[in-house]
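Chemist: Got a structure for you, written out below as structure tokens; questions coming shortly.
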Amino acid sequence: MKRYDSYKDSGVKWLGEIPSHWECVKLKYYVSSSRKKANDASTKYIGLENVESFTGRWIETDGEYDKEQAIECNPYDVLFGKLRPYLAKAMIVKEKAACSSEFIVFTNVPCPKYFQYVLLSKVFINTVDASTYGAKMPRADIGYILNLPFAFPKANEQNTIANYLDAATSKIDAAIAQQQKMIDLLNERKQIIINNAVTKGLDPNVKMKPSGVDWIGEIPEHWKLMQYRHLFFNLDKLRMPITADQRSRNNPQYDYYGASGVIDKIDFYNVDDKVLLIGEDGANLLLRNLPLIYKAEGKFWVNNHAHILKPIRDDYDFMAYVMEAADYTLFITGSAQPKLSQANLNSVKLPIPPLREQMAIVDCLSKRTAKIDNAINQSEKQISLLQERKQIIINDVVTGKVEVV
């Protein structure tokens, strides 16, 4: 591809030279930003964890909706994740929604698609990432970002560049999707191996008996079928919600857990133990596109969106496997906001082998799934390389290093 006919110094070290007819301006003069709180509890919610890196694809879920912190966003607004900006989460909003306060909401965007590519460019991501504060949960400052200069062509050229990049990156996105499909298949295969082991055991010749539970089927005759209430100490009395405004940043060393795992680092902890967490609410209870069970050990904080469970006598790792394998559909209430109450959770039945057999199953699974985990890691590396390639293409075009018109 050729370069533009003439260039000029942008005056910005990390931008370098830009096409002579482009203008270098601070972002606050190109777009606006909004921090208007969302006030419609029925609107769809965009969580940071539900926006795909580098593509901006939204994996729609109801998510956890913190009314005190959620921000209103509208069609054609552009969101950018300020938490761990290297994850490159930039999304164009399609309909009115509420979004996580971990997003910067850009409004009045002249060309949303072009601006999304600017936010995904390597030079922009690297510059923002270098400015973050907080070692374990690095965040970018909105004021810093709005004062960043960037080079912009005229509106018609922005549209032309956006259309070019749509075409140029579509093949890369297709290759990434293929690798992700492979990861999904490998994870499915892994889960089948796990499910079979925790419901049928390791001896193919063992005598079986019906469990009376659809997702379990038959179990070894010497196994027991037990309810949660008899398997775990429930420590829900320890959990407590805490708003983002109340999360001090003096020494954020403790994990802050919600229904979808760690969502922040804070200064305090309300649990000091080795426990298993299971989401209490949210669409993931039904969709299961994220893990439902999380291992948590040491000191950490759990909000009121996750149940805290400690095995009474069984193997910790085996219980994590069998809990994740379980089908909770019949015990979930609510459609707009699915919920798994403590009372209903207590009634869920799990297949339980003797303790020594539990430990043997855990040992076997760690060995049998190792090759699958290795294959998953290889696909994830390929995705990283493809994403890097995509960023380079975007970067060269939106900084004017190559001409596409």
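The values are calculated or read from the model by the stated rules, or taken from the named source; none is laboratory data. Everything numeric here is computed off the predicted structure, so don't read it as measured data. So basically every Cβ, Gly included, is an ideal-geometry build from the backbone, and we count neighbours across all protein chains shown. Side chains are part of the model used for accessible areas, which takes the heavy atoms of the whole protein and leaves out ligands, DNA and RNA. Shrake-Rupley method; radii C 1.70, N 1.55, O 1.52, S 1.80 Å.
Chemist: Can you give the FRET efficiency for Lys26 and Glu297, using 1/(1 + (r/R0)^6), R0 = 56 Å, r = Cβ-Cβ distance, to the nearest 0.05?
Modeler: It comes out at approximately 0.75.
Chemist: Counting only heavy atoms of the protein chains, get the accessible area per residue of the chain (1.4 Å probe) and round it to a whole Å² value.
Modeler: 48 Å²
Chemist: OK, next. Kindly identify segment 161-275 as rounded, prolate or oblate by the Cα gyration tensor criterion: order the square roots of the eigenvalues as a ≥ b ≥ c, call it rounded if a/c is under 1.5, otherwise compare a/b with b/c, prolate if a/b is larger, else oblate.
Modeler: Oblate.
Chemist: So what's the angle, to the nearest 10 degrees on a 0 to 90 scale, between helix 355-368 and the longest Cα principal axis of the chain?
Modeler: 30 degrees
Chemist: What FRET efficiency comes out for Asn187 versus Arg139 if R0 is 30 angstrom and r is the Cβ-Cβ distance? Round to the nearest 0.05.
Modeler: 0.50
Chemist: Let me ask something else about it. I want the local charge near Ile308. Using Cβ-Cβ distances under 9 Å, sum +1 for each Lys or Arg and -1 for each Asp or Glu among the other residues.
Modeler: Here the charged neighbours net out to +1.
Chemist: Moving on. Compute the Cα gyration tensor for segment 38-164, then decide on rounded, prolate or oblate, letting a ≥ b ≥ c be the square roots of its eigenvalues: rounded whenever a/c is under 1.5, prolate when a/b is larger than b/c in the other cases, and oblate in all that remain. Kindly include the intermediate steps, with their values, before the conclusion.
Modeler: On the way: a/c = 1.87, a/b = 1.23, b/c = 1.52.
Cα axes put segment 38-164 in the oblate bin.
Chemist: May I ask you to compute the full-extension gain from Val262 to Gln378, defined as 0.36 nm times their residue separation minus their alpha-carbon distance, rounded to one decimal in nm?
Modeler: On the way: separation 116, 0.36 × 116 = 41.76 nm, distance 2.49 nm.
Full extension of this stretch gives 39.3 nm more.
Chemist: For helix 316-325, report the angle its Cα long axis makes with the longest principal axis of the Cα atoms of the chain; keep it between 0 and 90° and round to the nearest 10°.
Modeler: That works out to roughly 70 degrees.
Chemist: Still on this structure, please answer the following. If I model a spin label as a point 7 Å beyond the Cα along the Cα-Cβ vector, how far apart are those points for Tyr316 and Arg57 in nm?
Modeler: Placing both labels 7 Å beyond Cα along the Cβ direction yields 3.6 nm.
Chemist: If one takes the longest principal axis of the Cα atoms in the chain, at what angle in degrees, from 0 to 90 and to the nearest 10, does the Cα axis of helix 370-398 lie?
Modeler: 20 degrees
Chemist: Using only the Cα atoms of segment 275-390, build the gyration tensor, take square roots of its eigenvalues as a ≥ b ≥ c, and label the shape rounded, prolate or oblate: rounded if a/c is under 1.5, else prolate if a/b is larger than b/c, else oblate.
Modeler: Oblate.
Chemist: Report, in whole Å, the centroid distance computed from the Cα atoms of segment 161-185 and segment 334-373.
Modeler: About 34 Å separates the Cα centre of segment 161-185 from the one of segment 334-373.
Chemist: Can you show me the helix-derived [θ] at 222 nm for the chain, built from DSSP H runs with n ≥ 4 at -39,500 (n - 2.57) apiece and divided by the number of residues, rounded to the nearest 500.
Modeler: -10500 deg cm²/dmol
Chemist: For His305, His230, give me the order by solvent-accessible area with a 1.4 Å probe, most accessible first, ignoring ligands, DNA and RNA. Write out the running numbers ahead of the final one.
Modeler: Details: His305 45, His230 100 Å².
Sorted by accessible area, descending: His230, His305.
Chemist: Using a 10 angstrom cutoff on alpha carbons, build the Gaussian network for the chain and name the most mobile of Asp184, Asp40, Asp203.
Modeler: Its mean-square fluctuation being the largest, the pick is Asp203.
Chemist: Starting at the first residue of segment 292-300, write each ³J(HN,Hα) from the Karplus equation 6.51 cos²θ - 1.76 cosθ + 1.60 with θ = phi - 60°, in whole Hz, x for Gly and Pro.
Modeler: 9, 10, 10, 7, 9, 9, x, 9, 6
Chemist: Would you check the accessible area of Asp173, probe 1.4 Å, heavy atoms only, in square angstrom rounded to 10?
Modeler: Counting only protein heavy atoms, Asp173 exposes about 50 Å² to solvent.
Chemist: Please find the FRET efficiency linking Arg368 to Thr243, where r is the Cβ-Cβ separation and R0 is fixed at 30 Å, and quote it to the nearest 0.05.
Modeler: Once the sixth-power term is evaluated, E becomes 0.10.
Chemist: Could you point to the residue in Ala162, Val402, Ser6 farthest towards the positive end of the chain's charge dipole, with +1 and -1 charges on the Cβ of Lys/Arg and Asp/Glu respectively?
Modeler: Going by the Cα projections, it comes out as Ser6.
Chemist: While we're on this one: Once neighbouring chains are kept in place and the probe is 1.4 Å, which whole percent of the accessible area of the chain is contributed by carbon and sulfur?
Modeler: Details: 9880 of 19580 Å².
In the chain, the share of accessible area belonging to carbon and sulfur is 50 percent.
Chemist: Next question, about the same structure. Separation between the Ser341 and Glu218 pseudo-spin-labels, each 7 Å from Cα along Cα→Cβ, expressed in nm?
Modeler: Result: 3.7 nm between the two label points.
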